[in-house]
Amino acid sequence: MPEQTSAIGRLIEAFAGLPSIGRKSAERLAYHVLKMPHDEAIAFAESIRAVKENLRPCRICFNLTEAEQCEICADRRRDASLLCVVEQVRDLLAIEQAGSYRGLYHVLQGRLAPLEGVGPEKLSIDALIKRIEQGGVREVIMGTTPNVEGDGTALAIASRLAGLPVQITRLARGLTVGASLEQANRDMLADAIAGRQP
């Protein structure tokens with residue numbers, strides 16, 4: 001019996017290490033997994049393994065993909081002259097779920113946070129500049145989180161883009177200051193995209 005207790009204890013600790021999961025929620029999740037049919041539990045574990053082994057950043061936009069290029073970058077129906085810059089893949093997914101944006105994306109893989117040691121070299125800003133220098137982009141939409149770090153990141157990128165022939169816009173401020181894009185509802189994101197400003 002000690003092995004089973006040890007195994008369930010490790011599972012509880014693993015769930016408790018996830019963001020926004022407290023100890024009680026971790027225990028409920030662990031016991032739910034324990035009650036799952038064997039095949040369902042193995043499929044769950046396999047999906048975690050597959051994500052860790054098969055997903056990689058898209059070579060163009062840094063979205064997650066199993067191929068060299070993500071589905072959005074490969075979709076020729078998208079408007080390649082529009083480029084929305086977001087901090088994380090989950091921000092991209094939130095905008096996609098809103099369903100009103102048909103351009104391309106660039107995922108920064110974070111935001112500038114000097115106090116946490118995150119400078120421009122840790123983000124994909126250089127790759128963004130190269131994409132724009134290659135031509136074809138007429139508008140860059142700053143889709144960073146409306147807070148101090150997100151605004152600072154957008155400002156730093158805008159200063160790097162100065163002199164390039166692109167219009168720089170920002171999502172409209174219908175978004176709550178400090179709220180992440182993933183927490184905004186579809187209509188709010190659609191309005192923010194439609195009402196973007198220079």
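The values are calculated or read from the model by the stated rules, or taken from the named source; none is laboratory data. Since the model is a prediction, treat every value here as computed from it, not as a measurement. For neighbour counting, all protein chains shown are included, and Cβ atoms are generated from backbone atoms with ideal geometry for every residue, glycine included. SASA here: full protein model, heavy atoms, side chains in, ligands and nucleic acids out. Shrake-Rupley method; radii C 1.70, N 1.55, O 1.52, S 1.80 Å.
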*Determine the pairs where a residue that is over 21 Å from residue 83 (Cα atoms), located within the range 108-130, has a partner that is modelled with pLDDT of 90 or more and not basic (Lys, Arg) with Cβ atoms under 8 Å apart, the partner being 6 or more residues away or on another chain.*
113/149; 118/110; 118/112; 119/112
_helices (runs of 4 or more DSSP H) wholly inside the range 1-76 that include at least 1 residues being within 30 Å of residue 131 (Cβ to Cβ)_ = 38-54, 71-74
*Working carefully through the options 115, 55, 29, find the one that is surrounded by fewer than 18 Cβ atoms within 10 Å (Cβ to Cβ) and touching a helix residue (DSSP H, G or I) at 6+ places or on another chain (Cβ under 6 Å).*
29
_Yes or no: the range 175-185 includes at least one residue that is open to solvent by less than 60 Å² (accessible area, probe 1.4 Å), over 16 Å from the mean Cα position of the chain (by Cα) and modelled with pLDDT of 65 or more._
no
*Can you confirm whether the range 147-163 contains a residue that is among the aliphatic types (A, V, I, L, M), in contact with a Phe, Trp or Tyr (Cβ under 9 Å, 6 or more places away or on another chain) and surrounded by 13 or more Cβ atoms within 10 Å (Cβ to Cβ)?*
no
*residue 131 being modelled with pLDDT of 85 or more, within 17 Å of residue 62 (Cβ to Cβ) and crowded, with 19+ Cβ neighbours inside 10 Å*: no
_Cβ-Cβ under 6 Å, sequence separation 6+ or interchain: first residue in the range 71-100 and closer than 19 Å to residue 169 by Cβ, partner assigned to a helix (DSSP H, G or I) and modelled with pLDDT of 95 or more. Which pairs?_
86/92
*Test for residue 166: is it at pLDDT 75 or above and either closer than 18 Å to residue 87 by Cα or among the acidic types (Asp, Glu) (or both)*: no
*Pairs, please: C-beta under 7 Å, at least 6 apart or cross-chain, first residue within 16 Å of residue 41 (Cα to Cα) and in the range 7-31, second open to solvent by 60 Å² or more (accessible area, probe 1.4 Å) and not acidic (Asp, Glu)?*
8/34; 15/29
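Could you check the range 77-103 and list, in sequence order, the residues that are part of a strand (DSSP E or B) and among the small types (Gly, Ala, Ser)?
Correct list: 80, 81, 103.
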*Yes/no for residue 96 being acidic (Asp, Glu) and either loosely packed, with under 13 Cβ neighbours inside 10 Å or under 25 Å from residue 155 (Cβ atoms) (or both)*: no
